[in-house]
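See below for the structure under consideration.
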Amino acid sequence: MQAKIRNSVSCWLRRAAPAVVLAVGAVLPLRAQQPQPPAAAPPAALTPEVRRAVVDSLAAYVARFYAVAEDGRRIADGIQRRQREGAYAGLTHPVHLAEALTADLRKIGQDRHLRVGPPIPGPPLYPMGTEVLPKMDPAAPPSASPEAIAAARRRNFDIGRVEVLPGNVGYLELRRFPGFQEANEAIAAALRLLEHTDALILDVREHSGGAGYTTNFLVSHFTGSEPLHTLDITVRAANQVQKSYTMAEVPGPRRPEVPLYVLTSRSTVSGGEGVAFVLKNLGRATIVGDTTAGAGRGVRSFDLGQGLAALISVTTAKEPRSGAEWERVGVTPHVAVPPRAALAVAHAHALQKLAAGASNPALRRELELTRERVEARERELELTRERVEARERPLEVAPATLQRYVGVYGGERTITVENGRLIYRRMPSHRGDELVPLSETLFVLGPWRLAFEPGAGEGMRLRISPPDGASLVLDRTGPPPATPARYR
């Protein structure tokens, strides 16, 4: 128990490291390479009276400031009910109380942004007793401390890969939107590097949130100079509805016509979701991957005392014509594929589009060949992954089922069962290869798939499918010969 408490306290201190507040979405800690703050003195034990005051303050903030009034009251009532039930009794260390409150907030509210923890340096912390929120301007870049800017610079402002893929397709990986001016300048520089590509892929599959200002900054590079109304951002507690428009001027290349793709996953959160949401609603990009996380509220930080702060969702962001938002539902893709395959699928889709629009026959053929290579490479990688996973977690097929498949197929290929495994031989005298089961009827052998189907002849058919090209289908023609002695 003592070791567990020491680990929790250590985790508490790590969480106090500098971080950035993300205006549309999450508040996320910086990565481990940041300088750590000096060791803090252990906090005093929480008395029942102090613990009750913290919970009461939290409930009052949620009821007053939460983005949707009825949800705020429901969440606040739930927290107060948990307190009356004794859920927080005996929690004398702030880290334990914070963890319990965070778990209850998220369970009751179904909102991934809600959190109790140590105050995060950099963004404003509204003091205890705050009753009114100031008006907010989503068109203004958020401020940040010099420490936060320096830490983001060491992370290359959360820009991952910047690359020109085969076929002159640009690729830009974005992992977070710090939001301040220096980070936006870095994004503009990356877009300049890709300015002469014929199509562009934005990868936000691992995007952990970000400032709404940067979401709009990025989107504006792919729209015309005439501002477009993209979001209605409501701050209930400030009695404010702020209309968000794309920018009339951008520092990077403006490319309203370039074929554009956005890669998404369940790990795409908040500001990253905003990119997909707005570009999809504008009909400006093809979304490829998985439905996003569904974290669409903006948060602010409120002082609870005792070294604790509450992150509370205070804004909603809705599409102005339909009133839709991505909170809790996420952004659904146009092309639904496993996230690991999204880049290859988007790349192939872009090449196909470019080839269809190419007037030069030689260029068209070059793009088509490039697409074929991309698709073949993706099939090879998928088959390799499938084979590795099958070997790591082998499926046990009943011995009686395996025995149903033994025999000679097409006159020379043989299937036997040896040591409880299905063995394939190209010819009866060859060394056998083990077939790894993906299901009771489907097996893999290297890059090939072998499927057993009901058929004519001896009642079974073997379908051998290469990674690319037509399948070879063979009827069973008889029982297998004896296994050569040298392979027994």
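The values are calculated or read from the model by the stated rules, or taken from the named source; none is laboratory data. This structure is a prediction, so every number in the text was calculated from the model and none was measured. Ideal geometry is used to build each Cβ from the backbone, glycine not excepted, and the neighbour counts take in all protein chains shown. For accessibility, only protein heavy atoms count, side chains too; no ligands or nucleic acids. Shrake-Rupley method; radii C 1.70, N 1.55, O 1.52, S 1.80 Å.
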FRET efficiency (Arg404, Asn239; Cβ distance; R0 60 Å; to 0.05) is 0.25
Under a point spin-label approximation (7 Å from Cα along Cα-to-Cβ), what is the Leu381-Val50 distance to one decimal in nm?
5.3 nm
Taking only Cα atoms of the stretch 222-356, what ratio of Rg to Rh do you get with Rh as the Kirkwood inverse-distance radius?
1.04
re the stretch 311-374: pairs of Cα atoms spaced beyond 14 Å account for a percent value of 70 percent
For Val262, distant residues with modelled amide H under 5 Å away:
Leu202, Thr286, Ile287, Val288
Test item: Cα-centred dipole of the chain, Lys/Arg +1 and Asp/Glu -1 on Cβ, debye:
900 debye
Hey, which aspartates and glutamates would be in cross-link range of Lys243, C-alpha to C-alpha under 16 Å, not counting anything within fewer than 8 residues on its own chain?
Asp137, Glu226, Asp232, Glu319, Glu325
Report the normalised scattering of the chain as log10 I(q)/I(0) at q = 0.06, 0.07, 0.09, 0.14 Å⁻¹, calculated by the Debye formula with identical scatterers on the alpha carbons.
-0.41, -0.53, -0.77, -1.22
Solvent exposure of the stretch 122-189 as accessible area per residue, Å², 1.4 Å probe
47 Å²
With a ≥ b ≥ c taken as the square roots of the eigenvalues of the C-alpha gyration tensor of the stretch 247-309, please select rounded if a/c is under 1.5 and otherwise prolate if a/b is larger than b/c or oblate if it is not?
oblate
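How much of the DSSP beta bridge set in the chain is antiparallel, as a percent to the nearest 5?
75 percent
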Rounded to the nearest 20 Debye, what is the dipole magnitude of the stretch 122-281 about its Cα centre when Lys and Arg each give +1 and Asp and Glu each give -1 at the C-beta?
280 debye
Output the peptides 128-136, 228-236, 383-391 sorted from most to least packed, where packing is the average of other Cβ atoms within 10 Å over each peptide's residues.
228-236, 383-391, 128-136
In the chain, carbon and sulfur make up what percent of the accessible area (probe 1.4 Å)?
53 percent
Pairs beyond 19 Å (Cα-Cα), from Lys107/Lys318; Lys135/Lys280; Lys280/Lys318
Lys107/Lys318; Lys135/Lys280
Which trypsin sites (Lys or Arg not before Pro) from the stretch 286-328 combine a DSSP loop assignment with at most 12 other Cβ atoms within 10 Å?
Arg321
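Can you give the helix-only mean residue ellipticity at 222 nm for the chain, where every DSSP H stretch with n ≥ 4 adds -39500 (n - 2.57) and the sum goes over all residues, rounded to the nearest 500 deg cm²/dmol?
-11000 deg cm²/dmol
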What whole number of Å gives the distance from the Cα centroid of the stretch 280-357 to the Cα centroid of the stretch 427-477?
42 Å
